[in-house]
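Below is one structure, written out as structure tokens; the observations come after it.
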Amino acid sequence: MSQYTTYPRALSVLTLVALASVVFASALATQAVIAADKPKSPVKLSKKVQTVIERVERQCRERPVYMIGPEKAKRLAELVRQKKPRLVVECGTALGYSGLWIASQLDANGAGKLVTIEIEPSRSREAKQNFAEAGLADYVEAKVGNAREVVREIDGPIDFVFIDCGYSNYLPCLTGLEDELADGAIIVADNVGIGASGMKDYLDHVRKKYRSRTEWFELDLPWAKRDAMEVSVVDSSAGD
Ligand SMILES: C[S@@+](CC[C@H](N)C(=O)[O-])C[C@H]1O[C@@H](n2cnc3c(N)ncnc32)[C@H](O)[C@@H]1O
């Protein structure tokens, strides 16, 4: 092999190493920003709310009803606590497990409303009973219907959205309420790890349009041991 072929090859190896270093450094920088965003104070629950949450969690595990689980729920609640939203929209109520965590933080903040949407009437009824038992009914409006359509009836400004209602529904649910989102609104989507391929359209959309990041969690659920939530922030100053 002549020196004329070896030299360009060495150059291209060097270029590859340099490129890899840049990618690695920017990945580290992203991690640092995400870590810095993490809240310092864990959420607190009243005894009454905790008792209902624990019972609903047990029921969901036994039947099973796929709920978010305590690891992700704590993070969701922290975000609600920090954001202090006036209006939260949840797509996918189920038995109200995640809704109980959200409403508990509205209660802790002393203000706010959760509009939660469920397609199965019997689940919505059960959730309503759970909200009432936890003493959180005043913070929650439980709507029955297809979230893709119901979200279009909600007047904003919406400060916080939680989407957890079937992967193919994520994007239509978001686009249905997007015009009502407040600047600075937080959008959280569940199952972004285990359901990534089924919600690719949603993930492409939020990662292009918003400041968006993926947060991973180790879980102890019968149906999943590791999963992620996508946390997206509406930032009008960032432009399209
Ligand atoms: C994963 S569960 C929600 C769990 C809940 N967020 C929690 O963590 O406690 C998904 C729920 O969405 C409901 N669902 C599915 N498609 C829906 C739709 N198009 N509109 C409203 N709800 C829907 C299902 O009936 C189910 O109860």
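The values are calculated or read from the model by the stated rules, or taken from the named source; none is laboratory data. Nothing here was measured: the structure is a model prediction, and the numbers come from that model. Virtual Cβ from ideal backbone geometry, glycine too; neighbours counted across all protein chains shown. To get the accessible areas, we keep the full protein, side chains included, count just its heavy atoms, and leave off ligands, DNA and RNA. Shrake-Rupley method; radii C 1.70, N 1.55, O 1.52, S 1.80 Å.
Structural remarks
- All positions within segment 211-240 that are over 16 Å from residue 70 (Cα atoms), touching a helix residue (DSSP H, G or I) at 6+ places or on another chain (Cβ under 8 Å) and open to solvent by less than 70 Å² (accessible area, probe 1.4 Å): 212, 213, 230, 231, 232
- Consider segment 47-72 and keep the residues that are under 19 Å from residue 110 (Cβ atoms) and exposed (fewer than 14 other Cβ atoms within 10 Å of the Cβ). The one that is farthest from the ligand (Cβ to nearest atom) is 47.
- Every residue from segment 152-166 that is crowded, with 21+ Cβ neighbours inside 10 Å and farther than 16 Å from residue 93 by Cβ: 158, 159
- Inter-residue pairs, beta-carbon under 7 Å, first within 13 Å of the ligand (Cβ to nearest atom) and in segment 148-173, second modelled with pLDDT under 95 and among the hydroxyl-bearing types (Ser, Thr, Tyr), 6+ apart: none
- Only listed residue being farther than 15 Å from residue 160 by Cα and open to solvent by 50 Å² or more (accessible area, probe 1.4 Å), chosen from 143, 84: 143
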